[in-house]
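Reading through the structure tokens given below for one structure.
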Amino acid sequence: MNNYLTDFWQATPIVSLAIFALLTLIVDAAGKDKPVLSYWMSLIGIVVAAGFSVASLGASTPLFNTMLAQGGYSSYCNLIFLGSAFLCIVLSRNYLERLQYHRGEFYVLIILATVGMMLMAAALDLMIIFLGIELMSICLYVLAGFIRKKEKANESSLKYFLLGAFATGFLLYGIALIYGTAGTTNLALIGKSFPQLSHNSLFMIGAGMLIVAFSFKVAAVPFHMWAPDVYEGSPTTISAFMSTGAKAAAFAVFVSVFIRTFDIGGTKLSDVLAIIAAVSMIVGNVTAIAQNNLKRMLAYSSIAHAGYMLSGIAAGNIEGETGILFYLSAYVFMNIGAFGIISWMEQQDDKKLTFDDYAGLSSQHPAVAALMAIFMFSLAGIPPFAGFFGKYYVFLAAVKAGMTWLAIIGVLTSLISVYYYLRLVVLMYFRDGQASIEEKVSAPAMAAISCAALFLIVLGLYPSLVVDIAKGFFKI
Amino acid sequence: MVAYTPLIIVLFPLLGFLFLGLIGSRIKNEKLIGLIGSGTVGLSFLVALGLFFQMTGLHPEERKHVVELFTWISAFTGTASSFSVSVAYQIDQLSILMTLIVTGVGFLIHVYSIGYMHGDPGFWRFFTYMNLFIFAMLNLVLADNFLLMFLGWEGVGLCSYLLIGFWYEKKFTGDAAKKAFIVNRVGDFGFLLGMFLIFVNFQSLNFDAVFGRAAVLNPNSTMVWITLLLFIGATGKSAQIPLYVWLPDAMAGPTPVSALIHAATMVTAGVYMVARCSILFALAPATLEVVAIIGALTAIFAASIGLVQNDIKKVLAYSTISQLGYMFLAMGVAAFTAGIFHLMTHAFFKALLFLGSGAVIHGMHDEQDIQKMGGLKKYLPTTYRTFVIGAIAIAGIPPFAGFFSKDEILWKTFSGEYGSVLLWVVGALGAGLTAFYMFRLVSLTFEGDERFDHHHVHPHEAPKTMTVPLQVLAFLSIVGGFVGIPASLFGGNTIEHWLEPVFAPANDKLRLTSHSVEWTEYLLMFISVGIAVAAIYAARTVYLKRAELAERWKNKYASLYKVLLNKYFVDEVYDKTIVNPTVKISEGFLWKGVDVSVIDGAVNGSAKLVALAAQGIRRIQTGVMQQYATVFVGGIVLIMIWLILK
């Protein structure tokens, strides 16, 4: 018992953020109508947790009887989640005030979801993964329907919840099958006996169930159907959070189970993942072309990006792991940036969400248009922005693992994606539009979005900044 | 040595570029812009100078050091074929010399530009590009690997393009800029291919790694290919046959640009690159021979065109091409030090001559035709004096800078194991032509009758910001050669000793032995000075004392004159054989045939297909959740079947 208590204080990033979440909740409940206080408290909590994560980037220690890992890989992932949450919160304030839904519990839910994500990345045991996923998901179900007088928001929340519950069933079933065959839920022990277990079809079915559940969370085809509807109906900043933080968390689990634990290279699991990756890239990119609503376009684009990153998982090598960690760092910022600008453009009753509303934006708001263009170029994978190196590294991983065909599909479908990303740029810069937005961008939001863009440029010019750190985590 | 000094040197011009580029258009004060633009380069020069003096205090082996900033591109894993390139700067005897030339001469030209560009609406834009150029050029010379060098190489090419086309309202400046860019692309392609071959053969692009591995090799055909490709790159950037055609047109840019980029620094990048890769060229004697022949041919070819040109800047442009030819001749006969030495002295006197011509153009209200000048020494005394010093220096009259460097090249050409008497004859003849056209230029511009229209043109001396740089450069053109006084003239040849460690591997490989002083050296020296003096005398006679002679010769050798005046019709030949057919094929076949029907057809066709598919898939997305769950289950079933059955 004593031992656990000391462990408790060692898991500082998770514990500190959880404490902040509870404090914020109490403060919000006690003081009426002071959402700004929650806003600041949650930001401080995130900064504190990020500070603890940076401090523990170097080494990783197992805690709670090897249930959790503190430091190293998990700290790196924490920074991605915390970055996503931070930007999302900064962007939300203005957005919610405009929609007159500014409530303190919004921020509490976001940081509780973040605690769930951090648990997922830190997990060394299947049970903790389950715990983390549920903590994250339940908060997100609520957040998706946060604007509760809006019909679409209710629809989105319910859909997400029902399908999410459906997926959770498979996750639990998979865990049960793995426990049944391996005799343990501890990842390290399962990993040790993986060479024998991989011939056991019951175990493989269990692993397949995990793939299904995780693929649902990253929105990979064919478990992606919820994503466009949910992203469209949710508050835009929450769509940003779901498509970045939540997706990154699911990928963190993917990496820790399928790369760091299982040696899936050459097994059927690798084939399955490769096929899911290929189909996601094709369906995501092709369908995105037909979209007119920007949030739906980004939803399909995020499905395609899940496909790119899954190529790295399917490869199952060090390049794959490093590539995904790099990709996530870039993806989180470019996607939040894009959603952030959409959230600023958006008006009451879902107005100003289509491509055509952005025509001629560059002449009215040159800075905003330039930032949006940076995000679009980066999403399309055009150097010198970070998105290029993300794709480069995961495709390189696929080639090294002998799956050149997957990399070819990746490159061809990225080519398709250039169409819909640049369509927006063309509209902003080369078409005249009607005068639309009088609103000024709020200074913190603008600063947050600019930081994201700057980060993309720095990472694009200096990829080894992150790659060198990420490389160090391989199987430690 | 302060570890990060090279970074500081590179950083200043970059900051200047960023500052002026971002807010330069809002600064209305020209003085402030000029101060920032030239100040950043001046600071770089001071830091480089400090570094240089520190290096002189060190033991020769300790002078070289590399500062790695960060790993730029790394393709993982420690396998032999892994690709990793850093942004890293290398300071050694050669790169510090180049840095001093680039920042020192660059600084003077920046200061000069404050006066020359005064009143131009694009004043801030000019200094932005110039600072960017210095930044790129420093990357080129300080890089410790081929890729970063190539980045600098392309960067200076871009700046050259931007600055040639600086006055973009005129069509011919745009055309000249495009010509420079496109011709350079041809050379760059060679450089790139050479770089690929280097990576394939040495598994690295890092200078130390490549040259270290090369040092233990024997001459072989791969090396010939690599060096030939690199040399093609050099002919593009350094305007050698056959890719020299862009340089004369590049004179459309402002004159300080011609001085900085198209005379003193950028065009010498090819020479620097060959010198940097001297060990690779030492492994390919066949390439060395090619380099020497191309260099000698270019030297005399361009000099002969320079004899009859009437545009003051065109004469200097052909002179630059010709002098670059001498540098390549030096490289080709394995006299690497002599080539770099000439690069340095040439930077001084050619920058001086160009800036002088700029002062003339400035004073003559944008007149560039020397037939419409004459007698200007009365109006522009400082410009005249400094210009004559430059002319004497380039003509190779002792003890001016050009004499020592040119004489060293000619001597090595004559006596070296890789030289030959024939190449020496060509070189000496070219030197005579150089002296002749230079003094033709001096005579027609500054002396003799005043042939300009006195009612409209009132020649005047340039302001101080322009004349002071001229005076400094004139001083350097006089004393700059003293660092390379050969042993035969009782000098220490400091520059040779300084650069010795850089070229030692190549010299070892080529088994070059140092010569003792021979009487032939004095004889050759005497002959080349004699030729120069005779040529100067001839030029002054023809263009000052007996002006009718020039006219008479023109008529007597009319066809030859026409050929020279039209630059051997090379541009026309290129147009007929390369440019026009390319345009025709591009338009008729590639554009209307391949592009429109095949590629556009395929693209539009597949785009239609994708759009169709998109509409199809979109229909699956019904919004009905039961159907979503069905698809979900379908996916699970397929996965299970795959996992169990396959």
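Derivation of every value follows stated rules applied to the coordinates shown; laboratory data play no part. Keep in mind it's a predicted model, so treat the numbers as computed, not measured. Cβ placement follows ideal geometry from the backbone for every residue including glycine, while neighbour counts extend to all protein chains displayed.
For the reader, a short list of remarks on this structure follows.
- Dividing the C-alpha radius of gyration of segment B:537-591 by 2.2 N^0.38 Å, with N its residue count, gives 1.93.
- Rounded, prolate or oblate (a/c below 1.5 giving rounded, otherwise prolate when a/b exceeds b/c) for segment A:259-340 by Cα gyration tensor: oblate
- Each principal axis of the Cα atoms in segment A:45-173 has its own extent, and those three values, largest first, are 46, 37, 17 angstrom.
- Computed from phi, the 3J(HN,Hα) profile of segment B:596-611 under the Karplus parametrisation 6.51, -1.76, 1.60 (θ = phi - 60°) reads 5, 7, 6, 6, 4, x, 5, 5, 5, x, 5, 4, 5, 4, 5, 4 Hz, with x in place of Gly and Pro.
- Hull-based mean projected area of the protein assembly as shown, where the convex hull spans the alpha carbons, in square nanometres: 50.1 nm²
- Mean separation of Cα pairs under 8 Å and 6 or more residues apart, divided by the residue count, gives chain B a relative contact order of 12 percent.
- Rg and Dmax [Cα atoms of segment A:264-476; Å; Rg one decimal, Dmax integer]: 17.7, 57
- Cβ crowding within 10 Å averaged over residues, with B:579-588, B:39-48, B:616-625 ranked highest first: B:39-48, B:616-625, B:579-588
- Among the residues of B:610-621, the average count of other protein chain beta-carbon atoms within 10 Å of the residue beta-carbon is 6.
- The radius of gyration of the Cα set in chain A, together with its Dmax, comes out at 21.0, 68 angstrom.
- Rg [Å, one decimal], Dmax [Å, integer] - segment B:5-565, C-alpha atoms: 22.6, 76
- Candidate cross-link partners of B:Lys313 among the aspartates and glutamates, defined by an alpha-carbon separation under 15 Å and a same-chain spacing of 8 or more, comprise B:Asp249, B:Asp366, B:Glu367, B:Asp369.
- Crossing angle, helix B:494-510 versus chain B [Cα axis fit, 0-90 degrees, rounded to tens]: 60 degrees
- Its DSSP H runs of at least 4 residues, each contributing -39,500 (n - 2.57), put the calculated 222 nm mean residue ellipticity of chain B at -22500 deg cm²/dmol, to the nearest 500.
- Charges were assigned to the Cβ only: +1 to each Lys and Arg, -1 to each Asp and Glu. The resulting dipole of the protein assembly as shown about its Cα centre is roughly 1120 debye.
- Segment A:1-261 shape via C-alpha gyration tensor axes, a/c threshold 1.5: oblate
- Pairs from the table (A:Lys149/A:Lys352; A:Lys149/A:Lys440; B:Lys378/B:Lys567; B:Lys237/B:Lys464; B:Lys464/B:Lys545) lying more than 22 angstrom apart at Cα are A:Lys149/A:Lys440; B:Lys378/B:Lys567; B:Lys237/B:Lys464; B:Lys464/B:Lys545.
- Cross-link reach list, aspartates and glutamates versus B:Lys608, counting only Cα pairs under 17 Å and skipping chain neighbours closer than eight places: B:Asp600
- Burial ranking of peptide ranges A:74-83, B:27-36, A:302-311 (average Cβ count within 10 Å, highest at the top): A:302-311, A:74-83, B:27-36
- Contact order, relative form, for chain A: 14 percent (alpha carbon pairs under 8 Å, 6 or more residues apart, mean separation divided by residue count).
- Neighbouring partner chain Cβ atoms per residue of A:288-299, average, 10 Å criterion: 2
- Chain A - charge dipole about Cα centre, Lys and Arg +1 at Cβ, Asp and Glu -1, debye rounded to 20: 120 debye
- Cα-based shape type of segment B:570-645, given that a ≥ b ≥ c are square roots of the gyration tensor eigenvalues and the cut on a/c is 1.5: prolate
- Look at the stretch A:410-418: the mean tally of other chain Cβ atoms within 10 Å of its residues' Cβ atoms is 1.
- Cα-based helix-to-principal-axis angle, B:401-415 vs chain B, degrees rounded to 10: 80 degrees
- Each label was represented as a point 7 Å from its Cα along the Cα-to-Cβ direction; for B:Ala550 and A:Leu202 these points are 10.5 nm apart.
- Ellipticity estimate at 222 nm from DSSP helix runs (n ≥ 4, -39,500 (n - 2.57)) divided over chain A, nearest 500: -25000 deg cm²/dmol
- The label point for A:Lys440 and the one for B:Phe526, both projected 7 Å from the Cα toward the Cβ, are 8.6 nm apart.
- Ranked by how many other beta carbons lie within 10 Å on average, peptides B:188-199, A:113-124 from highest: A:113-124, B:188-199
- Taking B:Tyr522, A:Tyr173 and counting other C-beta atoms within 10 Å, the order from fewest to most: B:Tyr522, A:Tyr173
- Spatially proximal lysines relative to B:Lys562 (Cα-Cα < 17 Å; intrachain offsets below 8 disregarded): B:Lys314, B:Lys554
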